[in-house]
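See below for the structure under consideration.
Throughout, read-outs are computed from the coordinates displayed, never taken from laboratory work. Predicted, not measured: the structure shown is a model, and the values here were computed from it. So basically every Cβ, Gly included, is an ideal-geometry build from the backbone, and we count neighbours across all protein chains shown.
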Amino acid sequence: MDWQRSGEYTDIIYETAQGIAKITINRPERHNAFRPRTLFELEQAFHVARDDSAVGVIILTGAGEAAFCSGGDQKIRGDDGYVDETGADPVADQGIGRLNVLDLQVQIRRIPKPVIAMVAGYSIGGGNVLQVCCDLTIAADNARFGQTGPKVGSFDAGYGSWLLAQTVGLKKAREIWYLCRQYTAEEAERMGMVNAVVPLAELESTTVAWAQEMLEKSPLALRMVKGAMNTVTDGAAGMQQFAGDATMLYYMSEEAQEGREAFKQKRAPEFDKFPRRP
Ligand code: 1HA
């Protein structure tokens, strides 16, 4: 793939090629642990990918082969959340602790395009929650999955708990959180936490092939199916998104456009020409 890099980032890399956006967490010296700035940059990159109509599928990954993401950067964890080092970000750097990975989790679920987690090495703590939030996960055979919260003084009682439970079942989710063990890629596949396990050398080519297969499908159909999968678990917010998509589809119909045209032409709308469907 001829990845084209764009954007000004320090903690991530944003690249695109042939309808795919690849977003890479780039802090390999900390196993791609995130700090607030990393998350602000990820949010920006996901926003760019969402807005780019040439992008149909997004890949989230980590730099190097040792880790996808090891969660929140414990070395900059303050007493009220994660605090950027002085000067890390001119806007975010206010000495205030943040848990802004939660915003990214929501964003990944709201983006109306499939997001694939491409996992090599460690997928741990808040990093594992990110892959759980992604639509699909392709793992290299060196991947290791686990939660560490109760070991390091943290927990994710949101998507990290009940979306995981929905993904792997309640008993297994409890085990993952209560015991804080690590699981191999094969074990993760068996429990339904990943879609496929491939040799490390084939990780990107396989992930790209899955993305290309989705790019051959109807973008609107994928959008609606993704929304449908999240509607129930996201409650009113999920319904709101699904309802918005219904409005978008309605706007694209001649019937809705007749309403708009009638208003502009200062005439009564002729809705009679449209069937009252059974
Ligand atoms: O739970 C939440 C949240 C919940 C609600 C709302 C927001 C949340 C936000 C975040 C989180 C969390 O993510 S809590 C969980 C945080 N993560 C962890 O507890 C994982 C910590 N790391 C490890 O357990 C291990 O490093 C490892 C199992 C991933 C790998 O072990 P290994 O192979 O022995 O490597 P290690 O030597 O430990 O790591 C390599 C380097 O990366 C080390 O650097 P060094 O100290 O030698 O200079 C290590 O310190 C660094 N590193 C790894 N993970 C982190 C890290 N540095 C900072 N933060 C890390 N998470």
So what's the range 106-149 giving for Cα Rg divided by 2.2 N^0.38 Å, two decimals? 1.15
Cα-based Rg / Dmax (Å) for the range 163-220: 14.7, 42
The range 211-218 - phi-based ³J(HN,Hα) in whole Hz, Karplus 6.51/-1.76/1.60, Gly and Pro as x: 4, 5, 4, 6, 5, 7, 8, 5
Using 0.36 nm per residue, how much length does the chain from LYS273 to ALA221 gain when fully extended, once their Cα-Cα distance is taken away? 16.0 nm
Counting DSSP beta bridges with both ends in the range 39-165, the antiparallel % (nearest 5): 15 percent
So what's the back-of-envelope 222 nm ellipticity for the chain, counting only DSSP H runs of four-plus at -39500 (n - 2.57) apiece and dividing by all residues, rounded to 500? -12000 deg cm²/dmol
Point-charge dipole on Cβ atoms (K/R +1, D/E -1) for the chain, about Cα centre, debye to 20: 800 debye
Could you please rank ILE138, ILE13, ILE59, placing first whichever residue has the fewest other Cβ atoms within 10 Å of its Cβ? ILE13, ILE59, ILE138
Diffusion constant of the chain at 4 °C, which comes from Stokes-Einstein with the Kirkwood Cα-pair radius and 1.567 mPa s, µm²/s: 65 µm²/s
In degrees from 0 to 90, rounded to the nearest 10, what is the angle of the helix 235-251 Cα long axis to the longest principal axis of the chain? 40 degrees
Partner lysines whose C-alpha sits under 23 Å from that of LYS151, ignoring same-chain residues fewer than 8 away, are LYS75, LYS171, LYS172
Would you mind classifying the range 13-58 by shape? Square roots of the alpha carbon gyration tensor eigenvalues, ordered a ≥ b ≥ c; an a/c under 1.5 is rounded, otherwise it is prolate if a/b is larger than b/c and oblate if not. oblate
quick note, the range 1-85, DSSP beta bridge pairs, % antiparallel (nearest 5) is 55 percent
How high is the relative contact order of the range 227-278, in percent, with contacts defined as C-alpha pairs under 8 Å that are six or more residues apart? 19 percent
Arrange ARG277, ARG190 by Cβ neighbour counts within 10 Å, fewest through most, would you? ARG277, ARG190
Dimensionless Rg/Rh of the range 85-209, both radii on Cα and Rh by Kirkwood, sits at 1.00
Kindly rank 97-109, 255-267, 27-39 from highest to lowest mean number of other beta carbons found within 10 Å of each residue. 27-39, 97-109, 255-267
Take the chain, connect every pair of alpha-carbon atoms lying under 10 Å apart with a spring to form a Gaussian network, then pick out the residue of TYR82, TYR250, TYR178 with the largest mean-square fluctuation. TYR250
Translational D (Stokes-Einstein, µm²/s) of the range 1-89 at 10 °C and 1.306 mPa s when Rh comes from the Kirkwood sum over C-alpha pairs? 117 µm²/s
